[in-house]
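Before any comments, here is the structure.
The values are calculated or read from the model by the stated rules, or taken from the named source; none is laboratory data. In this text the structure is predicted, and so the values were computed from the model without any measurement. FYI the Cβ positions are ideal-geometry reconstructions off the backbone, even for glycines, and counts take in every protein chain you see. These accessible areas exclude ligands, DNA and RNA; they are computed on the full protein's heavy atoms, side chains included. Shrake-Rupley method; radii C 1.70, N 1.55, O 1.52, S 1.80 Å.
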Amino acid sequence: MADDRAESPTLQETVDAFVAEVQARHARTGATYGYALNNWLRYLKDARIDPRKTPASGLTAGVVVRYPSWLASDHFKNRANPYTVGTYIAVVTAWLRYLQREQLAPDIASNMERIRHAYKDARPRGRRLPRTLRDDVIDKILKTIRTAHPGKSPRLQAARLRDIALVEALRSTGARISEILGADVEALDVRDKTLRVTGKGSKERIVMFDSTAWRALKAYLDARQALRLTVRGKSTPLFAQHGRRAGRILRRLSSHGARKMLWGYVKAAGIREKVTPHRLRHTYGFKILEATGDLAATQDLLGHASPTTTRIYAPLVSSRLRAAHKKAFPR
């Protein structure tokens, strides 16, 4: 039986197995789960429970329900971001369901209702509204990139054109940064100015470029082709590295490299607000919903699995319309 402590895997082993299971479905989600559960393991150690020696069958509901209090008072020292806490709680809850499914922790299985009730109060109420970017902020970033002086080297010139094309692509397609960077040249449709990307759950969809973004992408690919880089493998990365370490091999641009690039230009432009690839995606979603009022179309264009996710943009549209109405009818 799974509740036999002599045969039960340790808490550490169940965490590792659960993260590996999630990682197999989606690497980025797996990384988030791993980070959150490392925090959970620190809590267990603070509670004098050794995850590497304690069997999962020995985990009690009493230990589990005290986790939110530890996050607030010990880990974050009463300065916690409620949405970070919510993420940690959600991940631990998912892991507890894994224990329940695998019949590894009998006390957890019989007390899940108690645990859910304790964790419910720790989660933030409602959903945080997405933060979007004004058009003038995006224009300022692009102007900063276009007027940069990278040097006369064809490699550096290609890097600058890549940076312009990447920001334009994120702005006009609404794709996730992982989707854009994971895409290949072979997935481009030149006639329709579209790109096939792979999103969460390995689901494919088509994203569309506007004319400005398409011209920027073409300029980059033309400049890159002139470098005569060596392609390894059957596919050609759409966005590549152009640093000295990349050499003559066409290596895919990493998510870290793209974010570092964007932050550098944001700082050079003197922009104080936080600018991330995902905020460009939020801006896209808001613009589509505001222009069309079509929740289903916005959901499809963003690649959301559920319309509930897309509805986070609705309050922004509603507040904008209310402000316009008040301006027209101040009385």
Helices (runs of 4 or more DSSP H) wholly inside region 236-306 that include at least 1 residues being touching an Asp or Glu at 6+ places or on another chain (Cβ under 8 Å) and over 20 Å from R205 (Cβ atoms): 255-268
Could you tell me whether R123 is modelled with pLDDT under 90, touching a His at 6+ places or on another chain (Cβ under 9 Å) and open to solvent by 60 Å² or more (accessible area, probe 1.4 Å)? no
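Residue-by-condition table, conditions (1) crowded, with 19+ Cβ neighbours inside 10 Å; (2) within 29 Å of D139 (Cβ to Cβ):
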{"position": "T173", "(1), (2)": "yes, yes"}
{"position": "V185", "(1), (2)": "no, yes"}
{"position": "V197", "(1), (2)": "yes, yes"}
{"position": "S202", "(1), (2)": "no, no"}
{"position": "R205", "(1), (2)": "no, yes"}
{"position": "A223", "(1), (2)": "yes, yes"}
{"position": "A240", "(1), (2)": "yes, yes"}
{"position": "G247", "(1), (2)": "no, no"}
Looking at this structure, is R215 closer than 18 Å to T236 by Cα, open to solvent by 40 Å² or more (accessible area, probe 1.4 Å) and not in a loop (DSSP other than H, G, I, E, B)? no
What do you reckon, is S235 touching a strand residue (DSSP E or B) at 6+ places or on another chain (Cβ under 6 Å) and either under 20 Å from A158 (Cα atoms) or open to solvent by 40 Å² or more (accessible area, probe 1.4 Å) (or both)? yes
At pLDDT 95 or above, more than 21 Å from the chain's Cα centre (by Cα) and open to solvent by less than 30 Å² (accessible area, probe 1.4 Å), is that true of V167? no
Every residue in region 84-98 that is touching a residue at least 12 places away in the same chain (Cβ under 8 Å) and among the hydroxyl-bearing types (S, T, Y), please. T87, Y88, T93, Y98
Filter result for the condition that a residue is within 26 Å of Q225 (Cβ to Cβ), part of a helix (DSSP H, G or I) and in contact (Cβ under 8 Å) with a residue 12 or more places away in the chain, over A165, A148: A165
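For (1) of a type in the set (A, V, I, L, M, F, W, C); (2) on the phi > 0 side of the Ramachandran plot; (3) at pLDDT 85 or above; (4) open to solvent by less than 20 Å² (accessible area, probe 1.4 Å), each residue gets a yes or a no:
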position	(1), (2), (3), (4)
D50	no, no, yes, no
S73	no, no, no, no
W95	yes, no, yes, yes
Q103	no, yes, yes, no
R114	no, no, yes, no
For region 110-130, indicate whether the set of residues that are under 18 Å from the mean Cα position of the chain (by Cα) and of a type in the set (K, R) is non-empty. yes
